[in-house]
Structure formats: C-alpha cells, structure tokens
1. Residues of the stretch 31-61 being polar (S, T, N, Q) and buried (at least 16 other Cβ atoms within 10 Å of the Cβ), which ones?
2. Quick check: anything in the stretch 87-98 surrounded by 15 or more Cβ atoms within 10 Å (Cβ to Cβ) and in a loop (DSSP other than H, G, I, E, B)?
3. Val11 versus (1) touching a His at 6+ places or on another chain (Cβ under 8 Å); (2) within 23 Å of Glu150 (Cα to Cα): which is the lone unmet condition?
4. Just for the stretch 99-133: of the residues that are of a type in the set (A, V, I, L, M) and more than 18 Å from Met50 (Cα to Cα), which one is surrounded by the fewest Cβ atoms within 10 Å (Cβ to Cβ)?
5. What's the total number of residues in the stretch 5-41 that are part of a loop (DSSP other than H, G, I, E, B) and either farther than 17 Å from Gln97 by Cβ or of a type in the set (Val, Ile, Thr) (or both)?
6. Looking at the stretch 70-97, which of the residues that are in contact with an Asp or Glu (Cβ under 8 Å, 6 or more places away or on another chain) and not basic (Lys, Arg) is nearest to Leu146 (Cα to Cα)?
7. Given the conditions (1) outside any loop (DSSP other than H, G, I, E, B); (2) at pLDDT below 90; (3) not aromatic (Phe, Trp, Tyr), and given that Thr181 satisfies all but one, which numbered condition is not satisfied?
8. Going through the stretch 39-56 one residue at a time, which ones are in contact (Cβ under 8 Å) with a residue 24 or more places away in the chain and either closer than 19 Å to Gly69 by Cβ or of a type in the set (A, V, I, L, M, F, W, C) (or both)?
Amino acid sequence: MLDKEGYRPNVGIILLNRRNEVFWGKRIREHAWQFPQGGIKRGESPEQAMFRELEEEVGLLPEHVRILGRTRDWLRYEVPDHWIRREWRGHYRGQKQIWYLLRLVGRDSDICLRASDHPEFDAWRWHHYWIPLESVIEFKRDVYRLALTELARHLRARRQDRSRTRNPAPDGDLRAIDGPTAQVSPAASAPG
C-alpha cells in the first residue's frame, strides 16, 4: 500500500530498557543493524501496527511495554533505486513512518526473535541511545536522527518530573540522552 507520493506507511519502534539503552536488532543473515519497523496494513492504525510489528519482530506483547511517546508527524526517507525491487521502480519512493518510543516493563527474557514464521532479526543487543546514528544504513540516518531527537524530550520530561518529586531515577542515567542537533530536510518534514 503506497500513498499518492509513492511512500509506504510504516511504523518505527525505539524500545528502551531501564538504563535508557535502545534495542538494536541485526537483520537476519546480514550485517545490518536497525530498530524494529514494519508496514501499516489497510485498516490498521499506526498504534495497532506498532503492537503487531513488536510481537512479530521482537516477540513482545502490549503488557511487556509502556508507550512513552510517538512522533507528531510522518518522517520520510527515500530508498536508493538499487535497493528497490525492479517491479516497484517508478512507483515506490520510500517509507513514511510514525515512530514510537517504548519502555520495556517486562524482562529481557521476554524478547523472542523467533515469534513469527518469518523472523526479521537473528541477534539483538542494548545500545547507547545515540549509537544507532553511527551505524544505521545511510539512507535511513536522517529519519533515525529526527525520531531519536523528537522522542528524547519524553525522557527529559520524565527526568524533570522525578527531580521535582526527589525520587531516585529508576530508569538509569539520562546524561546520554542529549544528542546531536537534527537537521530537518524538506522531504523528511513534509506533512503526511
């Protein structure tokens, strides 16, 4: 399902542990790492698609996570022609994504990469919040930067709320959250 501009509606998932490290999955039989993501089916809301993809790719159920935030608008990236299937060329431009920031409230052992018949990942690890910017495939890098930057405000807001109530910080050290300043490209910020 493509929109009139040739973008496939999609969701991206940034999953955090208690130390505010992000889930980073290694694509099956490749040396490429990325966040979980997947297409939105006809009739599905972005949130429904996010929970379906989370279960299919990572094996987590809604009770294993808490939604901290989502991007306000669609973030877009274009896929280089040599990555596009021949039958899609001329029609498909790339992905437009709504990104979700989730907190794992379950255990690491709840993660199961073989939850579906067609696994997306064959390995995973926790990473510093900004590390994926250095290692994600280049054509996705701006969207990752935009999503991480926009959603980082939810972590800072939680830290400020805890400091006002003088509670200890159970979610780990947030010093790592302040990352690079995002450069917004017109294609990435166009309304969807």
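The values are calculated or read from the model by the stated rules, or taken from the named source; none is laboratory data. Since we're looking at a predicted model, the values are computed, not measured. Every residue, glycine as well, gets a Cβ built from its backbone with ideal geometry; the counts of neighbours run over all protein chains shown.
1. Within the stretch 31-61, Gln34, Gln37 qualify.
2. Yes, because at least one residue in the stretch 87-98 is surrounded by 15 or more Cβ atoms within 10 Å (Cβ to Cβ) and in a loop (DSSP other than H, G, I, E, B).
3. Just one mismatch for Val11, condition (1).
4. The qualifying residue surrounded by the fewest Cβ atoms within 10 Å (Cβ to Cβ) is Ala123.
5. 11
6. Within the stretch 70-97, the match that is nearest to Leu146 (Cα to Cα) is Thr71.
7. (1)
8. Correct list: Ile40, Pro46, Glu47, Ala49, Met50, Glu53, Leu54.
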